[in-house]
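A short write-up of the structure that comes next.
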2 protein chains.
Amino acid sequence: LATLGIDLGGTFARAAIVEKDGTILAAAKMALTDRTPEAVVHAITQASRDAVTAAGVGPIEGCGVGVAGQLRGETGVIAIAPNLGWREVPFGQMLADALGRPVRVVNDLAAAAWGELHAGAGKGARDLLVVFVGSGVGSCIISNGQIVRGANGMAGELGHIKVVANGRMCGCGQKGCLEAYVGGHNLIAQMREALEQGRPTALTALTGGDPLRLTPAVLEEAARANDPIALGIYETAVGYLAVAIANQVTVLNPARLIRGGGVLTHAPGMRAKVAEGVAAFASVTSRSAVTVLEAALRDDSGLIGAALLAT
Amino acid sequence: LATLGIDLGGTFARAAIVEKDGTILAAAKMALTDRTPEAVVHAITQASRDAVTAAGVGPIEGCGVGVAGQLRGETGVIAIAPNLGWREVPFGQMLADALGRPVRVVNDLAAAAWGELHAGAGKGARDLLVVFVGSGVGSCIISNGQIVRGANGMAGELGHIKVVANGRMCGCGQKGCLEAYVGGHNLIAQMREALEQGRPTALTALTGGDPLRLTPAVLEEAARANDPIALGIYETAVGYLAVAIANQVTVLNPARLIRGGGVLTHAPGMRAKVAEGVAAFASVTSRSAVTVLEAALRDDSGLIGAALLAT
């Protein structure tokens, strides 16, 4: 029997029919032009029908949805989903009514970690630290084969550990968070601030002076060319990220550290610095126990994991 | 049915008969004058007999031993116990042979956390972060009622996260570890270094110039009196400790943070700063979910927890 996995992002929803071993039988994608909960439910229902039809399988056992946001435990209520502008949406129930089957709503990083554990870079291990650096910074801890959820399901918020006393303002309202230095949005914001100040930098030539073309990959390219502005932003970011992850490896003693997310995918130098940081800064015992890998399912970790969490 | 709990320290071993609810029926203590494994087994056997006799109960179901050190999983082999000077000692088997019953050897902090979870400040919760600051700094994470052990049982090494790039040398051989600034041994070492440099400080008067009278409590007293040397050491230590613990609260989202250990017990100001640090620096979600408490079983957390882990 296969299950339905949904990856609910800020601009697209993807649906896939996934077998127990993590194989995707069929997938469909819908743009979220209207982000009201009703319209999103409609788009997902449509994508799900398309995927079921394309897969040509019989009845689907369950449905799991991974969403970037804060959930009210296992109730299916999304407390806050910043990308969608949602607050207190009983999304699980709405989708279950539309699909006519039970729906489990989970955090997107928990879904991704679960996918990697069962069908990706975590296969065969029971203790993982999964770190995704995209527009934000998040992690998921797997201990003895189980997701560490915390008292209200918010464990893993690595992006909001404090790395600088009274540092950069973070989107969360606090200062000095790791994400304020390392998250994709904030890498770009720091480059834009430098450009706006009119400081001479290779970033201007690399982007034709267009701030919309600033990306983490451009930052890495300029840093490699020893541009001082880019180097400053880049070295600060990788420094904090590498120590933060090494410290989590020290405390959690995982068998595998799995790196994913857009920033780490498109800035391979940063990905390498994370591995070097673990080798240099994690405790002797923990660093000897850990294998550092990349998310093997790439963009599909969360889609596959959401489906597997529904079984 | 009751079980036997053993707390194996560097200078004493304690044995107790403990009921399922954590009540100590009887306890005995033996000084470890000879720290060879054979002598320690002998001392524990003696203390255990004394405790069993004093408790006047029938057959004892099992035996759990908490020891400060690195274990080889559940084999009962102690890989390294620095306080005892042991390496690769098959202690579980040796003690089981002597006592004529099965023995489970666990990490001392895991034992303490388990004791607090079932009979102390963690009762009724399922997600705990237990932090002990004594001569060293250690922690134990409980997730959904289970101890987070890590790939080779070394999870929780909070003392060896890096807080300063190229900082103070730590006993572990790495530099800049939290423990190098905050552990009791290192607090004393830093005060002694200041005294040896002949720097004028209130610590001289408070100890009569005797370095053997330097303690974390003396440090706190001198810091309260605004002695610059003491303040420097103290503020540095509490600053790193508070942020480190707040960051772990952010990542783990525990229902309770339980503080214990000699330094936090005898330096109440430091204990208070930990609570203030969590309120100031933990993520908004995680700090609102956590209750900050003291270890309720005091010195008996590990003794009781070791017994309860043997059931």
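The values are calculated or read from the model by the stated rules, or taken from the named source; none is laboratory data. As the structure is a prediction and not an experimental result, all values here were calculated from the model. Note: ideal-geometry Cβ built from the backbone for every residue, glycine included; neighbour counts use all protein chains shown. Surface accessibility is based on the protein's heavy atoms, side chains included, excluding ligands, DNA and RNA. Shrake-Rupley method; radii C 1.70, N 1.55, O 1.52, S 1.80 Å.
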Other-copy label distances relative to A:T236, 7 angstrom Cα-Cβ extension, nm:
2.5
Other copies of B:E193: label-to-label distances in nm, shortest first, labels 7 Å along the beta-carbon direction
3.3
Convex hull per residue volume in Å³, alpha carbons only, for segment B:46-161
133 Å³
For chain A, one quarter of the surface area of the C-alpha convex hull, expressed in nm², comes to 16.1 nm²
Copy-to-copy label separations for A:Q93, where each label sits 7 Å from Cα toward Cβ, in nm and ascending
5.9
When the gyration tensor of segment A:99-203 is built from Cα positions, what are the square roots of 5 times its three eigenvalues, in whole Å, from largest to smallest?
33, 15, 15
Kyte-Doolittle at least -1.0, axis length at least 27 Å by Cα - qualifying DSSP helices, chain B:
B:228-252
Rounded Å value of the spacing that divides the Cα centres of segment B:5-19 and segment B:210-277:
27 Å
Skip the ligands, DNA and RNA, and give the accessible area per residue of segment A:258-311 with a 1.4 Å probe, whole Å².
37 Å²
Percent accessible area from carbon and sulfur atoms, the protein assembly as shown, protein chains only, probe 1.4 Å
52 percent
Taking the rotation that carries A onto B, look along its axis and tell me which residue of A has the beta carbon nearest to it, distance in whole angstrom.
A:S143, 3
At B:Q93 and A:R35, where each label point lies 7 Å from the Cα along Cα→Cβ, what is the point-to-point distance in nanometres?
6.2 nm
Take the Cα coordinates of segment A:1-78, assign each an equal point scatterer, and use the Debye formula without solvent to give log10 I(q)/I(0) at q = 0.11, 0.21, 0.24 Å⁻¹.
-0.27, -0.93, -1.12
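In the neighborhood of B:R199, defined by Cβ-to-Cβ distances under 15 Å, what is the net charge if each Lys or Arg adds +1 and each Asp or Glu adds -1?
-2
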Label-zone membership for segment A:234-262, site A:R199, 7 angstrom Cα→C-beta point, backbone N under 19 Å:
A:234-241
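As a test of the definition: which semi-axes, in Å, follow for the protein assembly as shown when you take the square root of five times each eigenvalue of its alpha carbon gyration tensor? Largest first, please.
Values: eigenvalues 406, 210, 80 Å².
For the protein assembly as shown, the semi-axes come out at 45, 32, 20 Å.
Below 15 Å Cα-Cα, how many Lys pairs turn up in the protein assembly as shown? Only count pairs eight or more apart in sequence, or on different chains, if you could.
So the count works out to 5.
Could you give me D for segment A:224-311, from Stokes-Einstein at 37 °C and 0.692 mPa s, where the hydrodynamic radius is the Kirkwood radius over C-alpha pairs? Units µm² s⁻¹, please.
In µm²/s, the coefficient rounds to 231.
Heavy-atom accessible area per residue, segment A:70-202, 1.4 Å probe: how many Å²? The partial results should precede the final answer.
Numbers: 5290 Å² over 133 residues.
Accessible area per residue: 40 Å².
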Cα gyration tensor of segment B:153-311 diagonalised, 5x eigenvalues square-rooted, in angstrom largest first, produces semi-axes 28, 18, 16
On the formula 1/(1 + (r/R0)^6), with r taken between the Cβ atoms of A:R72 and B:H185 and R0 of 45 Å, the FRET efficiency rounded to 0.05 is 0.50
Can you give the % of DSSP beta bridges in chain A that are antiparallel, to the nearest 5?
60 percent
Tell me the volume per residue, in Å³, of the convex hull enclosing the alpha carbons of segment A:135-188.
87 Å³
What's the center-to-center distance, using Cα atoms, between segment A:27-49 and segment A:65-90 in Å?
16 Å
Rounded to the nearest 100 Å², what is the buried accessible area between A and B, both sides summed, probe 1.4 Å?
2700 Å²
Add +1 for every Lys or Arg and -1 for every Asp or Glu among the other residues with Cβ under 10 Å from the Cβ of A:I142, and state the total.
0
